[in-house]
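Inspection log for the structure reproduced underneath, given as structure tokens.
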Amino acid sequence: MTGDGIMGMITARNADEWLDVASQSFVPLTFQRVATSFNAEMDWRTLSDEVSIAGISSQAIVIDRTERLAAHSVSDDIHISLQVNARGSVVQGSNVASVSPGSVTLTETNRPFTLNYVEPNQRHIVLQTSRQALGVSDEVLHHAAGRHLSGMNPARDAYVSLVTSFMAQRSPVSEAGAAEMSALVTSLASAMLRSAWESAPTLPSSSEAMHVAMVSFIRMHLTSRFLSPETVAKAHFVSRRRLYEIFEASGESPADTIRRERIERAKLELSDPTRLGTSIADIAFEFGFSDVTTFTRAFRRYVGCTPSEWRFGEHSVGA
């Protein structure tokens, strides 16, 4: 599967069909155990000749990349998997990583590995990339294989946010969009791996990937009263001037991004029927606004109606 922006939904009605699909899409595999009424689905997206990403849903299965298959394969690609639903484990070499929703793990396809996805309703997002596209050493990759990519890792948080939002998009991706996504996701993955290797926060090198990391950080700290352009810059080890340079291409300043993201989250909270008992003032304070007047003014600017009108549906469909 080559070419930019190719998308395809593939369905397997049994384990044999899934084995063919997975082996052709990724690398040759076999399975040890499989659920009796097995079925699976894969949303495959090719980003470049070297990078692809897939959303996978399946019933319980234990997958092997055996010694023989690894030895006879011409591929030495890297698989980075985000566990979205259910639990299991990833085994490569002497490393065993128990996975649960939110776990990120790596496997090298030129060595044997086992994926123990023994719970039903498995969901993963898998990045398949060449070593060259990642641009990190074999030593770093070997160290990460079969381990959790966790710890103080802002690049990891940004990577998870990026691939999750990308796979949620249903519209076709243009050639330029696929190329941009390929560069972003490999830059963040590279920084995530180097951070795990060095046991210290490592940030991506490109301004575009830095912007993704910074917006991810903002979304994770929307309720913090300390969130500001200064704290974003400090968390990413850049000067205030460099921060504004990174955001310049987006057409939005860091402060405007913080305010808009807070309003977007407040919209969700105001629409949540379980929060009808929470006052608008409390929601305003929760998302960093010092008073209701300031919150209402900002809300009207971004949404086109007041928080009260939004909560009770008194706004136009296009708002």
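So here's what we get for this one:
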{"item": "Selected residue (criterion: modelled with the lowest pLDDT) from residues of the stretch 244-271 that are under 20 Å from HIS221 (Cβ atoms) and in a loop (DSSP other than H, G, I, E, B)", "result": "SER250"}
{"item": "Some residue of the stretch 213-230 being over 29 Å from ALA284 (Cα atoms), out of contact with any strand residue (DSSP E or B) (no Cβ under 9 Å at 6 or more places or on another chain) and either in contact (Cβ under 8 Å) with a residue 60 or more places away in the chain or not in a helix (DSSP H, G or I) (or both)", "result": "no"}
{"item": "Search result, residues across the stretch 65-90 that are of a type in the set (D, E, K, R), more than 24 Å from the chain's Cα centre (by Cα) and surrounded by fewer than 19 Cβ atoms within 10 Å (Cβ to Cβ)", "result": "GLU67, ARG68"}
{"item": "Residue ranges of strands (runs of 3 or more DSSP E) in the stretch 21-113 with at least 3 members in contact with a Lys or Arg (Cβ under 7 Å, 6 or more places away or on another chain)", "result": "51-58, 78-85, 95-99"}
{"item": "Condition broken by ARG194, with the remaining ones in (1) crowded, with 19+ Cβ neighbours inside 10 Å; (2) in contact with a helix residue (DSSP H, G or I) (Cβ under 6 Å, 6 or more places away or on another chain); (3) at pLDDT below 95; (4) not in a loop (DSSP other than H, G, I, E, B) satisfied", "result": "(2)"}
{"item": "Residue satisfying all of: in the stretch 198-212; surrounded by fewer than 18 Cβ atoms within 10 Å (Cβ to Cβ) and in a helix (DSSP H, G or I); modelled with the lowest pLDDT among these", "result": "GLU198"}
{"item": "Enumeration of residues in the stretch 121-156 that are part of a helix (DSSP H, G or I) and either more than 15 Å from the chain's Cα centre (by Cα) or surrounded by fewer than 20 Cβ atoms within 10 Å (Cβ to Cβ) (or both)", "result": "ARG131, GLN132, ALA133, LEU134, ASP138, GLU139, VAL140, LEU141, HIS142, HIS143, ALA144"}
{"item": "Output for the stretch 268-285, where each listed residue is touching a residue at least 40 places away in the same chain (Cβ under 8 Å) and buried (at least 18 other Cβ atoms within 10 Å of the Cβ)", "result": "LEU270"}
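Let's see how each residue does on (1) touching a strand residue (DSSP E or B) at 6+ places or on another chain (Cβ under 9 Å); (2) touching a residue at least 60 places away in the same chain (Cβ under 8 Å); (3) of a type in the set (A, V, I, L, M); (4) on the phi < 0 side of the Ramachandran plot:
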{"site": "PHE113", "(1), (2), (3), (4)": "yes, no, no, yes"}
{"site": "LEU134", "(1), (2), (3), (4)": "yes, no, yes, yes"}
{"site": "ARG147", "(1), (2), (3), (4)": "yes, no, no, yes"}
{"site": "SER150", "(1), (2), (3), (4)": "yes, no, no, yes"}
{"site": "ALA155", "(1), (2), (3), (4)": "no, no, yes, yes"}
{"site": "ALA158", "(1), (2), (3), (4)": "no, no, yes, yes"}
{"site": "SER190", "(1), (2), (3), (4)": "no, no, no, yes"}
{"site": "SER199", "(1), (2), (3), (4)": "no, no, no, no"}
{"site": "THR202", "(1), (2), (3), (4)": "no, no, no, yes"}
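Yes or no, residue by residue, for (1) over 30 Å from GLY177 (Cα atoms); (2) aliphatic (A, V, I, L, M):
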| residue | (1), (2) |
| --- | --- |
| HIS211 | no, no |
| ALA235 | no, yes |
| SER250 | no, no |
| LEU276 | yes, yes |
| ILE280 | yes, yes |
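The values are calculated or read from the model by the stated rules, or taken from the named source; none is laboratory data. Bear in mind the structure is a predicted one, so any value in this text is a computation, not a measurement. Positions of Cβ are backbone-derived with ideal geometry, glycine not excepted, and every protein chain shown enters the neighbour counts.
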